[in-house]
Amino acid sequence: TTPPAVVTVTGAAGNIGYAALFRIAAGAMLGHHQPVRLRLLELPGSLPAAVGTAMELDDGAFELLTSVDIFDDARAAFDGADHALLIGARPRGKGMERADLLAANAAIFAEQGAVLNDVAADDLRVIVVGNPANTNAAIASAHAPDIPSDRFTALTRLDHNRAIAQLSHHTACPVREISRVSVWGNHSASQYPDIFHARVGDRSGAEIAEDRAWLVDDFIPTVARRGTAIIDTRGASSAASAANAAIDHVHDWVFGTPEGDWTSAALPSPGVYGVPPGLVCSFPVRAVDGRWEIVEGLDINDFSRARIDTSVAELADEIAAVGDLLPA
Ligand code: NDP
């Protein structure tokens, strides 16, 4: 029988954690033959909610779920982790400036990176969901010198999925016939969803992008501001779609992206496409043999270049703001 995979989820009692755990237990992330041990990390004040969630997981009688353990200590929670879903993050409090938020989260992710370095499994894969996700991933990686940096990733798959959905609505082309969409940059309003290389049924994305008014005034802002639109409409932030995207990300990382297609994920830049090393930036990526590979050699036009540069500049600013927490 297959040994269970150890999956540690932080912020497990939060909205996204709650939506993610049941699908992980049901096999949506690691496949329907892979048993899973769940380890939930929460802040002490949220432990009762985590215990309640574990009771509900119990009530799912999931065949693949070997165990659920709950911790408020990172070292215990990450022990032996094959997968770490870092969802918990400090939300912006009243009167908190952006720099304070960055610093508060940098401290959390510096500690978690160092602990992962010490206690996680050799094949650890990390996805950061908690915002500012890209910079949190960069900080965690910087504090985990023994873990290859390409194991630290951040979620932009939700932005990618949102872009496909909008493109599908606009063209009336089914989602399954849309491929090669790319999201570049930061998981923030500055992100750039790029359709110039996409295939949309038998049409090219570049042809659809010729309608610049739609591209600039509708498509790009709709994708980038979708999170706010969900909050305004639903009265709560996106949770199930974010959990779904995190599961898609890990699933594809493990099982590979479909032939002829790619997806989007934020990875430490190796210095390609003009993105400085040290930044965790969203790129078009393929997963091959359990590793992400950035899709190289795409022709970046001036329209795209300017937008990528804007988002990359924001990432550089974020890293500069938490420079004190980077190891020398
Ligand atoms: P959610 O589960 O709704 O969100 C968790 C994080 O995901 C937030 O940082 C949120 O960012 C981010 N996120 C990234 N992409 C998206 C997206 N597309 N839509 C919505 N959110 C997105 O937050 P909750 O407050 O419900 O739960 C957080 C939990 O984390 C709490 O239970 C808390 O106790 C715990 N926590 C754990 C920590 C730890 O384990 N060390 C540290 C801090 C908190 P944004 O805030 O920008 O929406």
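No lab work stands behind these numbers, since they all come straight from the coordinates. Note that the coordinates shown come from a computational prediction; the quantities given were computed from them, not determined experimentally. In this analysis, Cβ positions are derived from the backbone assuming ideal geometry, glycine residues included, and neighbour counts consider all displayed protein chains.
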(request) Take 43, 325, 155, 30 and order them by how many other Cβ atoms sit within 10 Å, fewest up front. (result) 43, 325, 30, 155
(request) Along each of the three principal axes of the Cα atoms of the range 157-319, give the extent in whole Å, ordering the values from largest to smallest. (result) 37, 36, 34
(request) For the chain, calculate the relative contact order in percent as a whole number, restricting contacts to Cα pairs under 8 Å that are 6 or more residues apart. (result) 17 percent
(request) Run through every distinct alpha carbon pair of the range 41-124 and return the Kirkwood hydrodynamic radius in angstroms, one decimal place. (result) 14.7 Å
(message) Quick check on the chain: of the DSSP beta bridges with both residues there, what percent are antiparallel, nearest 5%?
(response) 45 percent
(message) Amide H of residue 264 versus every other amide H placed in the peptide plane: which residues, excluding those fewer than 5 positions away on the same chain, fall under 5 Å?
(response) 285
(message) Exposed loop sites here are GluC sites (Glu not before Pro) in DSSP loop states with at most 10 other C-beta atoms within 10 Å. What is the longest stretch of the chain lacking them?
(response) 98-209
(request) Using only the Cα atoms of the range 178-242, construct the convex hull and provide its projected area averaged over every direction, in square nanometres to one decimal. (result) 5.0 nm²
(request) Arrange the following residues from fewest to most other Cβ atoms within 10 Å of their Cβ: 310, 222, 1, 228. (result) 1, 228, 310, 222
(request) Post the alpha-carbon centroid distance, the range 266-328 to the range 215-236, in whole angstrom. (result) 23 Å
(request) Two decimals is fine: what is log10 I(q)/I(0) at q = 0.22 Å⁻¹ for the range 83-163, from a Debye sum with one equal scatterer on every Cα and no solvent? (result) -0.96
(request) List, in order, the whole-Hz ³J(HN,Hα) value for each residue of the range 245-252 obtained from phi through the Karplus relation with A = 6.51, B = -1.76, C = 1.60 and θ = phi - 60°; use x for Gly and Pro. (result) 5, 4, 5, 4, 4, 5, 4, 5
(request) State the answer as a single residue: which of 80, 1, 60 lies farthest towards the positive end of the charge dipole of the chain, with beta carbon charges of +1 for Lys and Arg and -1 for Asp and Glu, about the Cα centre. (result) 60
(request) Could you state, as a whole-number percent, how many of the C-alpha pairs of the range 5-154 are farther apart than 19 Å? (result) 50 percent
(request) Calculate the tail of P(r) for the chain: the fraction of all Cα-Cα distances greater than 24 Å, expressed in %. (result) 53 percent
